[in-house]
Amino acid sequence: MIRYILKRIALLIPILLGVSILIFGVIRLAPGDPAEVMLGPTAEREDIELLREKLGLNRPIVVQYGIFLKNALQGDLGRSIKTNNPVTEELLQRFPATITLAFSSIVLALLVGFPLGMIAALKQNTVWDALSSFLALAGFSIPNFWAGLMLMLLFSIVVPILPSSGYGSWKHMVLPTVVLAIQTMAVIARMTRSSVLEIIRQDYVRTARAKGIANKLVLFRHIVRNALIPVVTIAGLYFGHSLGGVVITETIFSIPGIGRLLVDAIRSQDYPVVQGGILVFALCVGVVNLVVDVLYAFLDPRIKAQYR
Amino acid sequence: MIAVNERTVIRDKKRSQLGEVWRRLRRNKAALLGMSVIVLLFVVAVFAPLLAPYDPNRIDMKIRLQASSSAHPLGTDNFGRDILSRIIWGSRISLYVGFVAVGIGAVFGGILGAIGGFYGKRIDNVIMRLMDVLLAVPQIILAIAIVGVLGTSLTNLMVAVGISQVPRYARLVRASAMSLRGQEFVEAARAIGASDVRIILENILPNCMAPIIVQSTLGVAAAILSAASLSFLGLGIQPPTPEWGSMLSAGRQFLRSAPHLSIYPGLAIAIVVLALNVFGDGLRDSLDPKLRQ
């Protein structure tokens, strides 16, 4: 098992290296010189040259990347152009808000999505199936920024029971968590439905029923456990992507997280922060995928057996 | 005489295959409804100048932030512009961005996937690792970064959303290409001296069309959502162009006093995306009945 985890971690490294090269390259494509952006339009030619020299901008791009990588490996992602604080510090400061939001939303998505999909499958072709399938499809189609505004309108303005923005208490997290969970919930519900539909037609379920095992036991021991395997995989993969949603959620609800930091940094052309922020997102996606793979091995003994 | 007969037979077979797909699709009520909404949207987009009751950019501060009335069915915005007219004109931008972005994603992704799947080995490895890198960054964040660097404009928005969609087509086409490359008709093409480019374009890609079409329908929905998200963040279409995402973004400040500014544009996005998703699902089921449970 440990060998398997180590192997997966090893696979993560080239991906992160790739992302860092990609982002580094894309940002160097940006029009305008970082030194010029930093000093503003009124800067003197010599000052710009001096800063370029200091930042190493007049060295070959490969050398620049080498320096960036060396520093990044030591936890130094440069300094923010706007605040002059170390990027790592800015990111670490905002990390807790984002991770709290992301984690609570995946829990909510599983708690709602899985039962929704189960109901649809167990009551296939009934009103319940149609209703929960429609809910799932609608959840998948509603723009999350609109869902955010509508929930805000409903629960902060029409019936003012929850704060519309800010960060601090659990009440502040309710609406953002729901908004971020909607899409993942929809995907989980759809996946659960098709997975359960496949499993209830399997021979081992029929055998279990024929043996006279109580319906509840068949449901939990034979159906749920097996249905969870593909659901966890999809939920994990999709969760990595829905992490992108924090950019929107944090902007709408004014949550001081990495998503909002990234949007602000893009708007103010604060490239070191953009670079660092995207790397953190890629790292999160990678770690989530890793956790999913390990979970998968725990849920499915066939996979665990391969790596004994 | 015989040649003519053969051609007729082939044409008949083709028609019946398409007819079969249509027959299955017709039984799916939800998919038909989705398709009707999409057709309607196209009509609205094409005839926007005739259908919109007002000029979408006409400012009249005397009637700003008005609720629905018979003169302005969906009310007016913070500049006194008619919201219905802006939503009608906005359908043009959303459809345009959605289809062009998917075009970019499907063409580049399709070519990369076909090359990877056809040649295999090292070329495939390089392409697929590149796709892994693109997939490692959440789509919307990748698009934000690209727009942030290139600058905000309609073209850059489409490029950004298109690039972020490349990996899904590359993976899809690669899988099909890998299974196709060993088939007899590919070998036959090679035997008569067809070049690799010709085999990819004439034999491989046409045979991957069904999954590409399904993925594209769902892809347009995703692209419209991404583009609207970027505009909402102020990184896409800039005001005063009527676009649903930026209308929502502007309406946000008036959520308390004039919620209709935020309600209708979002509803428009949700309806269009839902219609595309329902239609895409139905299309997948009717193209491949095996998948249907």
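The values are calculated or read from the model by the stated rules, or taken from the named source; none is laboratory data. Bear in mind the structure is a predicted one, so any value in this text is a computation, not a measurement. Ideal geometry is used to build each Cβ from the backbone, glycine not excepted, and the neighbour counts take in all protein chains shown.
Listed here are the residues, each with its yes/no results for (1) touching a residue at least 60 places away in the same chain (Cβ under 8 Å); (2) more than 24 Å from the chain's Cα centre (by Cα).
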{"position": "B:SER216", "(1), (2)": "yes, no"}
{"position": "B:ALA223", "(1), (2)": "yes, no"}
{"position": "B:ALA227", "(1), (2)": "yes, no"}
{"position": "B:LEU230", "(1), (2)": "yes, no"}
{"position": "B:PRO239", "(1), (2)": "no, no"}
{"position": "B:PRO242", "(1), (2)": "yes, no"}
{"position": "B:GLY245", "(1), (2)": "no, no"}
{"position": "B:ARG252", "(1), (2)": "no, yes"}
Q. Name the residues in region B:238-279 that are farther than 15 Å from A:ALA147 by Cβ, buried (at least 21 other Cβ atoms within 10 Å of the Cβ), more than 7 Å from chain A (Cβ to nearest Cβ) and of a type outside the set (Phe, Trp, Tyr), would you?
A. B:PRO242, B:GLU243, B:SER246, B:MET247, B:LEU261, B:VAL272, B:ALA275, B:LEU276
Q: Among residues belonging to region B:180-214 that are among the polar types (S, T, N, Q) and more than 26 Å from the chain's Cα centre (by Cα), point out the one that is farthest from B:ILE269 (Cα to Cα).
A: B:SER195
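Each row is one residue, and each column tells you yes or no for (1) surrounded by fewer than 21 Cβ atoms within 10 Å (Cβ to Cβ); (2) away from chain A (no Cβ under 12 Å); (3) of a type in the set (Lys, Arg).
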{"position": "B:ALA136", "(1), (2), (3)": "no, no, no"}
{"position": "B:ALA143", "(1), (2), (3)": "no, no, no"}
{"position": "B:THR152", "(1), (2), (3)": "yes, no, no"}
{"position": "B:TYR169", "(1), (2), (3)": "no, yes, no"}
{"position": "B:ARG174", "(1), (2), (3)": "no, yes, yes"}
{"position": "B:MET178", "(1), (2), (3)": "yes, yes, no"}
{"position": "B:ARG181", "(1), (2), (3)": "yes, yes, yes"}
{"position": "B:ALA191", "(1), (2), (3)": "yes, yes, no"}
Q. Any idea which of B:ILE127, B:ILE212, B:ILE104 is over 30 Å from A:THR249 (Cβ atoms), away from chain A (no Cβ under 14 Å) and not small (Gly, Ala, Ser)?
A. B:ILE212
Q.
Looking at region B:145-168 only, could you name the residues that are under 30 Å from B:PRO242 (Cβ atoms), of a type outside the set (A, V, I, L, M, F, W, C) and under 17 Å from the mean Cα position of the chain (by Cα)?
A. B:THR155, B:ASN156, B:GLY162, B:SER164, B:GLN165, B:ARG168
Q.
Which condition from (1) at pLDDT 95 or above; (2) touching a Lys or Arg at 6+ places or on another chain (Cβ under 6 Å) is the one that B:PHE118 breaks?
A. (1)
Q: Spot the failing condition for B:VAL278; the list is (1) assigned to a helix (DSSP H, G or I); (2) at pLDDT below 90, and only one is missed.
A: (2)
**Q.** Qualifying positions in region A:163-181 - assigned to a helix (DSSP H, G or I) and either among the polar types (S, T, N, Q) or buried (at least 24 other Cβ atoms within 10 Å of the Cβ) (or both)
**A.** A:PRO176, A:THR177, A:VAL179, A:LEU180, A:ALA181
Q: Would you please name the residue that is surrounded by the most Cβ atoms within 10 Å (Cβ to Cβ), looking only at residues in region A:65-93 that are charged (D, E, K, R), modelled with pLDDT of 85 or more and under 20 Å from A:PRO256 (Cα atoms)?
A: A:GLU90
**Q.** Residue list for region A:1-40, filter: touching a residue at least 40 places away in the same chain (Cβ under 8 Å), under 22 Å from A:VAL273 (Cβ atoms) and not in a helix (DSSP H, G or I)
**A.** A:ALA30, A:GLY32
Q) Taking interchain pairs and intrachain pairs at least six residues apart, which have beta carbon atoms under 7 angstrom, with the first residue in region B:49-63 and under 12 Å from B:THR241 (Cα atoms) and the second assigned to a loop (DSSP other than H, G, I, E, B)? A) B:PRO56/B:ARG81; B:PRO56/B:PRO242; B:ASN57/B:ARG81; B:ASN57/B:PRO240; B:ARG58/B:ARG81
Q.
Return the residues of region A:260-272 that are of a type outside the set (Gly, Ala, Ser), in a helix (DSSP H, G or I) and within 11 Å of chain B (Cβ to nearest Cβ); say none if nothing qualifies.
A. A:ARG260, A:LEU262, A:VAL263, A:ASP264, A:ILE266, A:ARG267, A:TYR271
Q. Which residues, counting only those in region A:242-259, are under 13 Å from A:GLN93 (Cα atoms) and either at the interface with another protein chain (Cβ under 8 Å from one of its Cβ atoms) or in contact with a Phe, Trp or Tyr (Cβ under 7 Å, 6 or more places away or on another chain) (or both)?
A. A:ILE255, A:PRO256, A:ILE258
Q) Out of B:SER216, B:SER286, which single residue is modelled with pLDDT under 90 and touching a helix residue (DSSP H, G or I) at 6+ places or on another chain (Cβ under 7 Å)? A) B:SER286
Q.
Condition check: more than 14 Å from chain A (Cβ to nearest Cβ), touching a Pro at 6+ places or on another chain (Cβ under 9 Å), buried (at least 20 other Cβ atoms within 10 Å of the Cβ) and not hydroxyl-bearing (Ser, Thr, Tyr). Does B:GLY116 satisfy that?
A. no
